[in-house]
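Every number in this text was worked out from the coordinates using simple rules, so none of it is lab data. Note that the structure is predicted; figures quoted are calculated from it, not measured. Here Cβ is always computed from backbone atoms with ideal geometry, including for glycine, and neighbour counts include all displayed protein chains.
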Amino acid sequence: MSDRPAPLTALRAFEAAARHMSFARAADELNVTPAALSFQIKSLEEHLGAQVFRRLNRAVELTEAGRALYPGTHDGFAALQSAWRAARRVLDNATLTVTAGPAFTAKWLAPRMFAFAQAHPEIELRFSASIRMLDFDRDGIDVAIRFGHGRDPGLFSAPILYDWMTPMMTPKLAETYRTPQSLTGAPLIHDQSIAYLDPPCDWAAWFRAAGVGFAPGSGGARFNQGNHAIDAALGGAGVLLGRGVLTQKELAEGHLVAPFPMTLSSETPFRFVCPNGTETRPHVAAFLAWMQQEAESIRRFESGRRFVSASKPVE
């Protein structure tokens, strides 16, 4: 038995078969015949001097030697695949893959995609909307838009937008609810996607800031994604403590109105994050500059507002 590892082709056949627990599925993945895959595994077993699979009736299972071999081979081939994708991305300045939360993707990025495409026809922009924290290398991500005061060790990180919250409703509902006090009788919509913010930026905080002695109960529609809460407000289901960054289009088109100056400033940023050093690559730098320019568009919706920090008590 040699200390030198078996050939990569044999190790690759073993890893696929152990991952699928099926010679047939492994052969299909590797685009070889089941006989060829069996030959590679037999070659590996001869090289090792022990069986790695126990052949059963229409099934296989790992032997003790196979169980010892699998984790390292699986991690090794995953690392090789990740390195290959990373090298391909370094050479690709024509495709940009961006991940962001579903609400930010739907309400901020998607409506502006045409403008970016017009300004940069040489770049193909791809979105991956997910509340899961995706991995740059494993998931093939170039840029992440993340909300919150996160730590980004080893990454380039720049704040792009700061969110704020104020009551928003349809123009029809605004005819009924004309004062902050009147909102105590309104159906309130709760955006639970920002419930983790500390200090809270919720209805209770806004009523305190507005000087209204009212503590909202547990009633009212609650949504765990901000875009769904906005859609409910657009449908006239109630009054939303709307987020300025996510509602620019609805406010600009008059589908929602924000009639009260009192506004909570969350002081929480949307951050532009990418692997350190890649921010200077042409397509990443172009997207960063475009986002910084687009971020200025929110300024006109801030005119005339009275901002109160959610982290400070109201005097």
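A few comments on the model shown:
- Taking the C-alpha atoms only, the angle from helix 64-91 to the longest principal axis of the chain is near 60 degrees.
- Reported to the nearest whole Å, the Cα centre-to-centre distance from region 186-254 to region 114-133 is 28.
- Restricting the GluC sites (Glu not before Pro) of region 98-177 to loop positions (DSSP other than H, G, I, E, B) with no more than 13 neighbouring Cβ atoms within 10 Å leaves 122.
- Highest-fluctuation residue, 244, 236, 226 considered, GNM on the chain with Cα pairs under 10 Å: 236
- In this entry, the chain is assigned a mean projected area of 22.5 nm², taken as a quarter of its C-alpha convex hull surface.
- A viscosity of 1.567 mPa s and a temperature of 4 °C, combined with the Kirkwood radius over Cα pairs in Stokes-Einstein, give a translational diffusion coefficient for region 240-315 of 87 µm²/s.
- Residue-count net charge about residue 192 - beta-carbon cut-off 11 Å; Lys, Arg +1, Asp, Glu -1: -1
- Residue order for 21, 165, 133, 262, fewest other beta carbons within 10 angstrom first, comes to 133, 21, 262, 165.
- Positive dipole terminus of the chain, leading residue within 179, 74, 5 (C-beta point charges): 179
- Descending by average beta-carbon neighbour count within 10 Å, the peptides 251-257, 12-18, 79-85, 96-102 line up as 12-18, 96-102, 251-257, 79-85, the highest first.
- Percent of Cα pairs in region 61-159 per distance bin of 5 Å, from zero to the largest separation: 2, 10, 16, 18, 17, 13, 8, 6, 5, 3, 2, 0.
- Computed over neighbours whose Cβ is under 13 Å from that of residue 169, the net charge equals 0, Lys and Arg +1, Asp and Glu -1.
- Among 58, 126, 299, residue whose mean-square fluctuation peaks in a GNM of the chain (springs only between Cα atoms under 10 Å): 58
- Cross-link partners for residue 107 among the aspartates and glutamates, with Cα-Cα distance under 19 Å and sequence neighbours closer than 8 places in the same chain left out: 163, 191, 231, 250, 253, 294, 296, 302.
- Residues 157, 266, 303, sorted so that the one with the fewest Cβ neighbours within 10 Å comes first: 303, 157, 266
- Sequence of 308, 245, 212 once ranked by neighbouring C-beta atoms within 10 Å, starting from the fewest: 212, 308, 245
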